[in-house]
Amino acid sequence: MYSLSSASGVAALSVVLYLVLSYARALAVFRRRQRGRPLPPGPRPLPLIGNLLDLPLRKQGIGLRDLCRKYGDMVYLSICGQPMLVIGSATAARDLLEKRSANTSDRQYSTVLDLIGNSVALSAMPYGQLWRDHRRAFWQIFHPGATRQYRDAQHIILHNFMRKLLVSPDDLKEHLRYIFAATMMKVLYNIDAQEDGDELVSVVDEAISRTATLATGVHPVEIFPFLRHLPSWVPGTDFHDAFAKCRAAVEHLKETPFATLKAALNEGRTAPCGISVLLSKLITPASSSPDNAYWEDVIKNVGLVAFEAGADTSFSTLQAVFLAMSLYPKVLKTAQAELDAVVGSHRLPDYGDRDELPYVNAIIKEALRWHVVLPLSLPHNTVVDDELDGYFIPAGTIIMPNTWGILHDPEVFEDPEEFRPERFLCDGKLDDSDHDPHAFAFGYGRRICPGRHFADESLYLTVASVLHVFDIGPPLDKDSGEPIVIQYEQTDGFLTYPEDCRCTIRPRSKNSEELILEAQLKVFSPT
């Protein structure tokens, strides 16, 4: 049992030790520099805390863009002795994170992710054999060839989603959460989500929302890891309870659907799905080999990260699409004209229509650019000392690509705050330029998201189907019936959402309503 004096003494000693170690780390970086190789430019650091006060507390993408405008495409910061390099251009990102990916594909240990149970996520793992095993397993069920087997399930859940929009359009966010959580439940575990009040859908939402809240900004525990060891009754340590609740939700999401699937497999009452495929490929039946325990944990982690990444990044992007359609009615009408010409009025869009719908595809690209879900991507880490453009980059440097700044560069994207899909078209066809948002929104180099093909297909089918049958406009005041003016703003955090995506959603016509209902009937009466 700690006494107040002993706890205070431990805290004070921890602070002193941390500052001493920070100073030693900064000194080691200074001594490793070779003559003639300066560090990249950046603001002058303060003693001990370095450039801690130069980190923007809010709207990090904007704040770091401003730093890059002042100091250049690469800005060097020292955060309590920890080297950090902010990347502010597409060229620098490619040079460092793709061409030098053998040295820049590591991840920095995250105290916050460890405390909430997410250090096992593929995206957070250090570069090495464990990461390679997880990525190989993930790729087996989400490579482009594998994703085709999930299309029937995607259609069924999409039709449910559109029926929900038809019945209760004001519950857009709830319906978006349903479509992605339900899709991942079916694809990964062959579990059918209940129409309303599904427990696992609620767990997905809780795990993601708690994770996003705790990871907003720079948490003090991330900068001062010793804080995790302070007892919960010490003032300022109320984060312990929040971490524990998030960790419980993450653990539930990792273990419960896996146990449900294994029970169904043992009883022979389930069809093949993503996780069952991995079990058949990686687990030796009737064996107590340690390899089985290892691979089973890998498979659980793959399911967890697929749930969290798939259900949340797409959820955020689609909110932005609905908001953009309400703010830019000409974009919506242009997309609907293209859909009417290619798809017609008697069916819904399908995957086979995609190549004939360049404007719809351009909307998806523009949504990824306009609303950057991960403004700073996920930080990379250097393994050994490196050099770029004559600048010394120490081993252990955190590399922070400002993806928001790259995709809002006015020299590349004219009027970057405007939603203009035509910027990705040339002579009526998609323009495959070097500035395709897909090359930045899904990560960089060897750490690019291995589920990007599945996410892209899901976005296409959802956007094309929704725009084909629904009109989307600004929200209306309940009393006056007048449109409410909504301005696009992003929430803060490593993972962002539109602050307000309220809109009015109505079927385009009676025929559109019938298409939705007919598709729903096929879900319950397949031919």
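Annotations
- Under 5 Å, built H, 5+ apart or other chain: amide partners of residue 399: 85, 380, 381, 382
- For residue 330, the lysines whose Cα falls under 21 Å of its own Cα, not counting residues fewer than eight places away in the same chain, are 365, 429.
- The stretch 165-223: GluC sites (Glu not before Pro) falling in loop per DSSP and having at most 12 other Cβ within 10 Å: 195
- Long-range tail of P(r) for the stretch 386-428 (Cα pairs > 15 Å, %): 62 percent
- Computed from the C-alpha gyration tensor, the three semi-axes of the ellipsoid equivalent to the stretch 124-258 are 33, 22, 12 Å, from longest to shortest.
- Debye-sum result for the stretch 242-296 in log10 I(q)/I(0), which assumes one identical scatterer on each alpha carbon, at q = 0.12, 0.17 Å⁻¹: -0.36, -0.66
- The fewest-to-most ranking of 465, 119, 458 by surrounding Cβ atoms within 10 Å reads 119, 465, 458.
- Relative contact order %, the stretch 286-389, counting alpha carbon pairs below 8 Å whose residues are six or more apart: 28 percent
- Per-residue ³J(HN,Hα) for the stretch 112-126, Karplus 6.51 cos²θ - 1.76 cosθ + 1.60, θ = phi - 60°, Hz, x for Gly and Pro: 4, 4, 5, 5, 9, x, 10, 5, 7, 5, 3, 5, 9, 5, x
- Contour excess over end-to-end distance, with Cα ends at residue 149 and residue 245 and 0.36 nm allotted per residue: 31.0 nm
- Proximal lysines relative to residue 262, as straight alpha-carbon distance under 21 Å, when same-chain residues fewer than 8 apart are discounted: 186, 254, 281, 300
- Annotation for residue 266 and residue 521: the two label points, set 7 Å from Cα along the Cα-Cβ direction, are 4.3 nm apart.
- By the helix-only formula, in which each DSSP H run with n ≥ 4 contributes -39500 (n - 2.57) and the sum is divided by residues, the chain has a 222 nm mean residue ellipticity of -16500 deg cm²/dmol.
- Counting beta carbons within 10 Å around each of 295, 139 and listing the fewest first gives the order 139, 295.
- 16 Å Cα-Cα reach of residue 478 towards aspartates and glutamates, excluding residues that sit fewer than 8 places from it in its own chain: 170, 171
- Least to most buried among 463, 204 (fewest other Cβ within 10 Å first): 463, 204
- Spacing of the two label points (7 Å from each Cα toward its C-beta) at residue 209 and residue 256, in nm: 1.5 nm
- Where a label projected 7 Å from the Cα of residue 330 along Cα→Cβ would reach, residues of the stretch 377-415 with amide N under 17 Å: 414-415
- The chain, relative contact order [Cα under 8 Å, separation at least 6], %: 22 percent
- The stretch 4-524: antiparallel DSSP beta bridges as a percent of all, rounded to 5: 85 percent
- Treating each Cα of the chain as one equal point scatterer and applying the Debye formula with no solvent, the log10 of I(q)/I(0) at q = 0.12 Å⁻¹ comes out as -1.22.
- Peptide ranges 140-147, 263-270 listed from the most packed, as the mean C-beta count within 10 angstrom indicates: 140-147, 263-270
- By the Kirkwood approach, averaging reciprocal distances over each pair of separate Cα atoms, the stretch 139-216 gets a hydrodynamic radius of 13.6 Å.
Since every read-out is calculated from the coordinates, none of them should be taken as a lab result. A quick note: this is a predicted structure, and the numbers were derived from the prediction, not measured. Backbone-built Cβ (ideal geometry, glycine too); neighbour counts: all protein chains shown.
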